[in-house]
6 protein chains.
Amino acid sequence: MRSDGRSSAALRHIRITRKYIKHAEGSVLVEFGDTKVLCTASVEESVPPFLRGKGGGWVTAEYSMLPRATHTRSPREAAKGKLGGRTHEIQRLIGRSLRAVTDLTLLGERSVLIDCDVIQADGGTRTASITGAYVALVDAFRWLVAQGTIAALPVREAVAAVSVGIVNGEVFLDLNYVEDSRADVDMNFVMTSSGRFVEVQGTAEAEPFTCVQMDEMRSLAMIGIERLMAIQQEALEQ
Amino acid sequence: MRSDGRSSAALRHIRITRKYIKHAEGSVLVEFGDTKVLCTASVEESVPPFLRGKGGGWVTAEYSMLPRATHTRSPREAAKGKLGGRTHEIQRLIGRSLRAVTDLTLLGERSVLIDCDVIQADGGTRTASITGAYVALVDAFRWLVAQGTIAALPVREAVAAVSVGIVNGEVFLDLNYVEDSRADVDMNFVMTSSGRFVEVQGTAEAEPFTCVQMDEMRSLAMIGIERLMAIQQEALEQ
Amino acid sequence: MRSDGRSSAALRHIRITRKYIKHAEGSVLVEFGDTKVLCTASVEESVPPFLRGKGGGWVTAEYSMLPRATHTRSPREAAKGKLGGRTHEIQRLIGRSLRAVTDLTLLGERSVLIDCDVIQADGGTRTASITGAYVALVDAFRWLVAQGTIAALPVREAVAAVSVGIVNGEVFLDLNYVEDSRADVDMNFVMTSSGRFVEVQGTAEAEPFTCVQMDEMRSLAMIGIERLMAIQQEALEQ
Amino acid sequence: MRSDGRSSAALRHIRITRKYIKHAEGSVLVEFGDTKVLCTASVEESVPPFLRGKGGGWVTAEYSMLPRATHTRSPREAAKGKLGGRTHEIQRLIGRSLRAVTDLTLLGERSVLIDCDVIQADGGTRTASITGAYVALVDAFRWLVAQGTIAALPVREAVAAVSVGIVNGEVFLDLNYVEDSRADVDMNFVMTSSGRFVEVQGTAEAEPFTCVQMDEMRSLAMIGIERLMAIQQEALEQ
Amino acid sequence: MRSDGRSSAALRHIRITRKYIKHAEGSVLVEFGDTKVLCTASVEESVPPFLRGKGGGWVTAEYSMLPRATHTRSPREAAKGKLGGRTHEIQRLIGRSLRAVTDLTLLGERSVLIDCDVIQADGGTRTASITGAYVALVDAFRWLVAQGTIAALPVREAVAAVSVGIVNGEVFLDLNYVEDSRADVDMNFVMTSSGRFVEVQGTAEAEPFTCVQMDEMRSLAMIGIERLMAIQQEALEQ
Amino acid sequence: MRSDGRSSAALRHIRITRKYIKHAEGSVLVEFGDTKVLCTASVEESVPPFLRGKGGGWVTAEYSMLPRATHTRSPREAAKGKLGGRTHEIQRLIGRSLRAVTDLTLLGERSVLIDCDVIQADGGTRTASITGAYVALVDAFRWLVAQGTIAALPVREAVAAVSVGIVNGEVFLDLNYVEDSRADVDMNFVMTSSGRFVEVQGTAEAEPFTCVQMDEMRSLAMIGIERLMAIQQEALEQ
């Protein structure tokens, strides 16, 4: 039994609230238990320099925590004047995950900028970000279709993410902060609706892990992601 | 009649939601119509270098907009590596306003850091920030009292703020974004519950203003701030 | 009686020296007592990106203190790698004040950059900067007219600024550093020659101020600015 | 057959040259084919602030490419004034990998800083860095033992890393640059001598990958890392 | 004959005005013709970390140009967020030159910070800076002696600097801007009152120079510096 | 006799290895005893803004030390976010030295970027950099000729550099680190094959130096540079 009473294979309470912010083309508040992330999708009619004139589009992401999203206040990266390594790592992961399911040619020479701002953190902010950002991205694509800018949704399949970890020798799905800080191993899986992976990241915080443990974690992640996709789908149908 | 049907002396719909975030000692979502600002108050057991060893406390503020709080996305200051002039101006204003009603000696050698993060912007983000931050600050002070760290609330009186402007020759209270962008004059008043001012800032965006107009704006602001203080009081009593 | 023997409504000794620097289109050394600011106006045949192709011009300002302008040496912002909040606040104020009296359409698609560099500081550097910068700006406009670039001076009226404060319950005009550091309230007024305001900024450093006190400060400021404008006029006629 | 004639399960020519630089406590030139990385280990008698007074040590890493290590010259991060996201990601990976096999308590309150500077890049710079850095780290530990500073080598087991990828549907070990730029999937495995993983990172650059493909890549990686460890061992015995 | 009528071995009109700024322990306006530099010396009761506890003092310098010191306006380094290479080069030169004639042991564990701010530039700003800074430094040392902080002036001998250049095959002393921009060779000599050198920097801007030319330039520089030292001496005796 | 047994007029063992890196158009490892610098030359088909459309080319240089090139590790400038003054000074010196012997008109509107990265430092890194960079530059020019981009080598003459210093009253050629740190005077000479100077920089670290000493140092430098040029020539003929 886990600290919050969940079984090892249970997700936290997941909530996806669409149209959370009025200005953005897509905006979603995603909640994985007490972890709350605001994901917005902004359409821009330009692409980065290395893509100009090639006809294809771009999807990229930025990630940030509000200073008091965490238990003790973290200084703002804007005040420090530079992004930390963790921020870089996470925003690159979110961007790659979304591009993996986007048909950039169909999108045309324009960009979607995803902003993931963590309002409250309780573990799993990167996996919540990817899961919520996908929904915001689809909303931005729908807006582009509604505007008549593009003919069809440039999405090949859905994408969602979940963390799995080994805590005291047991494999747990969707770690909260307390579990995460005690975990020996922490793996993040990003999967598509066809059951394939676009990103896998595993880190032994304390003790290295075996092939068998990796397989166990992967199985649990696949179960979790399937459920997350059902919740994404439901949100998109409302 | 104004674009949103309000009378010239009417505030927008104001909402103050306390305990919005679980980690912070004080946290408030303040809404002035569609303007939504998350204000958190974080207690730290230290003071800036220039105050060390002098026994007094400090209250300071940081202000930021989420990138898509606005109609078109604004680049993050963290990504640009420096704070803009407008951000500096606003966060200094918030800090001064709150210190003006705080008994820093009673607070003792510790700091309260106020973070005002604009989730959605529709005009008046700085006045909403001050009005909400006061409530978050009181909650942090109450937490300090409840902890037994300090004996009494180090607050001398309440503080709130409102904008007033001249649009097409008419004086309007609490401008929304559309009004603000058309205003000839924009004044922000920060007032205490004893009916006195801690900050007054007036700017002629287009046409200079006369003494008479300044007086009219001040009268309207005083009415507005009185109402805001009733709402603050109500929120603090819940 | 004040520390330097002035009456409460007296300005310090004011001096405006034109053509102080040989390269700039306009350059003025302005002295408010021991406060000495070098204001230069530089014409550039370009405008910021947001104005390109719209036919109008721009006036903007930068402000800086030499490291030893003050009693103890302040580190250079260039060495620290970023501008402080106070610098941002002041240079935005100077820019807005000058734009308020400039006919930007008449100026045409070009910019005037005002640089205010404080050589020696003794209170009131921002009001001295505005007062001196106006004269430098007119000189730059005269240069443009003399060159045949523009047909007429793109100035609607004069602008000057002064500080007023409450020290030990008394209202004083044009505070020097010693007075400023003891003031309960500090207000800066920026006024045009038609007797109207373009900027008003009041801050209660210690004790909030009442409507009556605000009115008293305003009256004194109006007297002071009238005198400053006579001195500006005289300088411009030499 | 691969572009350079290797079989799919073959490593490139691997070379580990110890004591490459005279000043560093450990220094290794590691070559994976044309990829050449200089790894140095520097001992410092201090630890980061969050570890002070706790008795344990620290191992951390920095990574950089010389500007012309790559086919076209890349601007220096020192000249741009900030580290890119890729650099952050890689240096965090190297640091975590080495800490995973270090007994930080045995190391005592001191740090080893690993610098991985890529002299020439041809794919696999991060896996070469980890593989070479381990040898440099052991040399620094031996130096500490020889100095009598610590009693025993604070190493629990060896660590090495290799990349695996899917190119045109085939799984290849240890991708060179040409293969890497054409790969559909790219996975990096960091393994210890007990056959367990400390880091696994897989990214679908083009097409998502299945469980079966992940298993194939893992098998190949395990073969490759075993060989790398034999080469590390040999180098350390010279 | 030179553009301004001087003979090849003539200095421009040199003026040294002491006590130019009221706050600084030493402050000098130095003029080499139209080149005007404000040099201030600030005493601080601390030394840089690498000197702490060793009993000796430190002299260092910062150099900056006001934006409109030059013919066209140069952007502020504070606004760009970093010092340029030329600034670094010059301020290091000034610091080394002054330290060469200072008895740092006699100065005791304190620092003198020299600030050289170019008000107007017309060639030779670095040599004017060194020449003026020496006088400001002596004034700061006299202040320390007058305070009773140190027993004697910690100066071993005087130091001054001048530029020499080859323009159209002729060797000229103390180049102004027009000459400097046409010079084939530009040499700066920093000399002490004992006729010895502390810094020599020669650069062939267009054509390399011979031993014979170097000797000619050196002879001219020695004449110029002797005259500069007489002017320094005179200023210090007033 | 010197610490390493050399006579006062002897260079250290000099080695120039061409084609050290496979990607760069020119790449040289230059060794002055234990000082090892990797110099690469990168051709770019563009010039800096101030040269655009004028037909001429550009040669510029960047210089950096690997963190552990020195006895104790130096923090990376990329991590600190800015280049130090010493780096600026040296890279400007290298760039000027190479431009002095390049026919920029013949080079045409393109740039050669020289990167000097110090692998191991033992004194004289700037003079080794210039000496090696010249060879890398010639290789890049040869590549341009071989490509048919330019008709002839745009080199007017060879350039090399050496340091000379006064240690315990004796004049030594090509100081190593131990000598350099004890030297009273340190001079760097950059000379061309016609026996003329493009840069001369002398600094009295402790005691000023006389004309006679300067002449002695110059004579020794001329001998050293002649030998360096023979070694450059030999390397270029292989």
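Considering only the stretch E:182-213, state which residues are touching an Asp or Glu at 6+ places or on another chain (Cβ under 9 Å) and of a type in the set (S, T, Y).
If the condition is that a residue be touching an Asp or Glu at 6+ places or on another chain (Cβ under 9 Å) and of a type in the set (S, T, Y), then E:T192, E:S193, E:S194, E:T203 are the ones that fit.
Report whether or not A:A140 is under 15 Å from the mean Cα position of the chain (by Cα), open to solvent by less than 10 Å² (accessible area, probe 1.4 Å) and in contact (Cβ under 8 Å) with a residue 60 or more places away in the chain.
no
Inside the stretch B:208-238, can you point out the residues that are assigned to a helix (DSSP H, G or I), open to solvent by 10 Å² or more (accessible area, probe 1.4 Å) and over 23 Å from C:E199 (Cα atoms)?
The answer is B:E226, B:R227, B:M229, B:A230, B:I231, B:Q233, B:E234, B:L236, B:E237.
Considering only the stretch C:1-43, state which residues are farther than 20 Å from E:I119 by Cα and assigned to a strand (DSSP E or B).
If the condition is that a residue be farther than 20 Å from E:I119 by Cα and assigned to a strand (DSSP E or B), then C:I14 is the only one that fits.
For residues in the stretch F:165-199 being at positive phi and within 19 Å of the chain's Cα centre (by Cα), which is most open to solvent (accessible area, probe 1.4 Å)?
Among residues in the stretch F:165-199 that are at positive phi and within 19 Å of the chain's Cα centre (by Cα), the one most open to solvent (accessible area, probe 1.4 Å) is F:G195.
Matching residues to (1) open to solvent by less than 10 Å² (accessible area, probe 1.4 Å); (2) closer than 24 Å to B:L51 by Cα; (3) without any contact (Cβ under 8 Å) to a residue 24 or more places away in the chain:
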{"position": "B:A69", "(1), (2), (3)": "yes, no, no"}
{"position": "B:E77", "(1), (2), (3)": "no, no, yes"}
{"position": "B:I90", "(1), (2), (3)": "yes, yes, no"}
{"position": "B:R96", "(1), (2), (3)": "no, yes, no"}
{"position": "B:V112", "(1), (2), (3)": "yes, yes, no"}
{"position": "B:D122", "(1), (2), (3)": "no, no, no"}
{"position": "B:A136", "(1), (2), (3)": "yes, yes, no"}
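Considering only residues that are at pLDDT 95 or above and farther than 21 Å from C:D186 by Cβ, which ones fall in the stretch B:188-207?
B:S193
Would you check if there is a residue in the stretch C:74-82 being at pLDDT 95 or above and among the hydroxyl-bearing types (S, T, Y)?
No; the residues of the stretch C:74-82 include none that is at pLDDT 95 or above and among the hydroxyl-bearing types (S, T, Y).
Among B:A41, B:A24, B:A10, which is at pLDDT 95 or above, open to solvent by 10 Å² or more (accessible area, probe 1.4 Å) and within 12 Å of another protein chain (Cβ to nearest Cβ)?
B:A24
Taking the criterion of being within 20 Å of A:R126 (Cβ to Cβ), out of contact with any helix residue (DSSP H, G or I) (no Cβ under 9 Å at 6 or more places or on another chain) and small (G, A, S), would at least one residue in the stretch A:45-64 satisfy it?
Scanning the stretch A:45-64 turns up no residue that is within 20 Å of A:R126 (Cβ to Cβ), out of contact with any helix residue (DSSP H, G or I) (no Cβ under 9 Å at 6 or more places or on another chain) and small (G, A, S).
Would you confirm whether or not the stretch E:182-199 contains a residue that is of a type in the set (S, T, Y), assigned to a loop (DSSP other than H, G, I, E, B) and touching a helix residue (DSSP H, G or I) at 6+ places or on another chain (Cβ under 7 Å)?
Yes - at least one qualifying residue is present in the stretch E:182-199.
Let me spell it out: the conditions are (1) open to solvent by less than 10 Å² (accessible area, probe 1.4 Å); (2) out of contact with any helix residue (DSSP H, G or I) (no Cβ under 7 Å at 6 or more places or on another chain), and C:I130 meets all of them except one. Which number is the exception?
(2)
Inspect the stretch C:75-83 for any residue being within 20 Å of E:I119 (Cβ to Cβ), in contact with a strand residue (DSSP E or B) (Cβ under 9 Å, 6 or more places away or on another chain), assigned to a loop (DSSP other than H, G, I, E, B) and of a type outside the set (V, I, T) and give the result as yes or no.
yes
Within the stretch A:227-238, is even one residue free of Cβ contacts under 8 Å to residues at least 24 places away in the same chain and in contact with a Lys or Arg (Cβ under 7 Å, 6 or more places away or on another chain)?
For the stretch A:227-238, residues free of Cβ contacts under 8 Å to residues at least 24 places away in the same chain and in contact with a Lys or Arg (Cβ under 7 Å, 6 or more places away or on another chain): absent.
Would you check if B:A152 is modelled with pLDDT under 95, of a type outside the set (D, E, K, R) and assigned to a loop (DSSP other than H, G, I, E, B)?
no
Out of curiosity, is E:A61 in contact (Cβ under 8 Å) with a residue 24 or more places away in the chain, within 14 Å of chain F (Cβ to nearest Cβ) and part of a strand (DSSP E or B)?
Yes; evaluated as a whole, the condition is true for this residue.
Given the options B:A79, B:A41, name the one that is within 29 Å of C:R96 (Cβ to Cβ) and among the hydrophobic types (A, V, I, L, M, F, W, C).
Exactly one residue qualifies, and that residue is B:A79.
Could you say which residue among A:G5, A:G33, A:G85, A:G55 is within 10 Å of another protein chain (Cβ to nearest Cβ), surrounded by fewer than 22 Cβ atoms within 10 Å (Cβ to Cβ) and over 13 Å from the mean Cα position of the chain (by Cα)?
Exactly one of A:G5, A:G33, A:G85, A:G55 is within 10 Å of another protein chain (Cβ to nearest Cβ), surrounded by fewer than 22 Cβ atoms within 10 Å (Cβ to Cβ) and over 13 Å from the mean Cα position of the chain (by Cα), namely A:G85.
Taking E:S194 and the conditions (1) out of contact with any strand residue (DSSP E or B) (no Cβ under 7 Å at 6 or more places or on another chain); (2) more than 9 Å from every other protein chain (Cβ to nearest Cβ); (3) within 29 Å of E:T102 (Cβ to Cβ), which numbered condition does it fall short on, given that it satisfies the others?
Unmet for E:S194, out of (1) out of contact with any strand residue (DSSP E or B) (no Cβ under 7 Å at 6 or more places or on another chain); (2) more than 9 Å from every other protein chain (Cβ to nearest Cβ); (3) within 29 Å of E:T102 (Cβ to Cβ): (2).
Let's see how each residue does on (1) away from chain F (no Cβ under 14 Å); (2) closer than 30 Å to E:R76 by Cβ; (3) of a type in the set (F, W, Y):
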residue: E:I119; (1), (2), (3): yes, yes, no
residue: E:T125; (1), (2), (3): yes, yes, no
residue: E:G132; (1), (2), (3): yes, yes, no
residue: E:G148; (1), (2), (3): yes, no, no
residue: E:N176; (1), (2), (3): yes, yes, no
residue: E:V198; (1), (2), (3): no, no, no
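Return only the number of the condition from (1) farther than 23 Å from B:R15 by Cβ; (2) away from every other protein chain (no Cβ under 13 Å); (3) modelled with pLDDT of 95 or more; (4) not in a strand (DSSP E or B) that B:V171 does not satisfy.
It is condition (4) that B:V171 fails.
The values are calculated or read from the model by the stated rules, or taken from the named source; none is laboratory data. Treat the numbers as computed from the prediction; the structure is a model and nothing was measured. Note: ideal-geometry Cβ built from the backbone for every residue, glycine included; neighbour counts use all protein chains shown. Keep in mind that these areas ignore ligands, DNA and RNA; they rest on the heavy atoms of the full protein, side chains included. Shrake-Rupley method; radii C 1.70, N 1.55, O 1.52, S 1.80 Å.
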